[in-house]
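For reference, the structure discussed in these notes is given below.
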Amino acid sequence: MAIFARLADLLKANINDLIDRAEDPEKMVKQIIIDMEEQLQGAVQGLGSVMASQRQIAKHLEGSKAQSKLWEDRAKAALKDGNEELAKQAVESKLKADVSVATYEKMNTELSAQVDTIRQQVDLLKQKLNEARTRQSLLVARDKVADARKEVSKAVGDLDSSGAFAKMDKMERKIAEKEAQADAAFEISGIDAEQKDPFVEIENQKAADEELARLKEELGKE
């Protein structure tokens, strides 16, 4: 059946390989889940169909067995009555019923094996589907993290390629150069900021007077 061939492909599929080939891994994962759900639904329907056929065959088998038993009982009854011809006819009908019994038994055995095989496939698909659902959130999260890392790497690369830090370094050198020029100009002008400040001059004079008074006091003691 085509559905079980497709089921086998899904069970053998390497989800990671499929995601690697996908342009949108998140959509791919969701589609894988959808495909597996559809296959599971089809497989369950197929299993139900085979089981229904088996039940029908089982009914025919039981009916044929009942017919065989019925004609056997009639043959015995005819022999008891001494009617061998009628018993022979009953035996012939029994043999026909026995052929049907053998046929239905064979069909029932084959269908039973198919039911077991399909049920195992359905159970396996359910297991794989549960695993896929469990992995879905993790795979989607990993995909988002990968996208975020890619964007950050791109931003860093763009920043480096644009020379933003190089421009800032150049600007800093220019500012430092201006500061050095200003310091040099101030030094060349011979202007002493402290000397121009009258309050600083008063403080300096006061300190000198105090120091002079201290020295005089020491000399007087000697």
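Here are a few things to note about the model shown:
- Taken over the range 7-60, the residue count meeting the criterion of being farther than 30 Å from residue 144 by Cβ and at pLDDT below 85 is 2.
- The range 99-113: number of residues that are more than 12 Å from residue 60 (Cα to Cα), in contact (Cβ under 8 Å) with a residue 12 or more places away in the chain and not aliphatic (A, V, I, L, M): 1
The values are calculated or read from the model by the stated rules, or taken from the named source; none is laboratory data. Treat the numbers as computed from the prediction; the structure is a model and nothing was measured. Glycine gets a Cβ as well: all are built from the backbone with ideal geometry, and neighbour counts include every protein chain shown.
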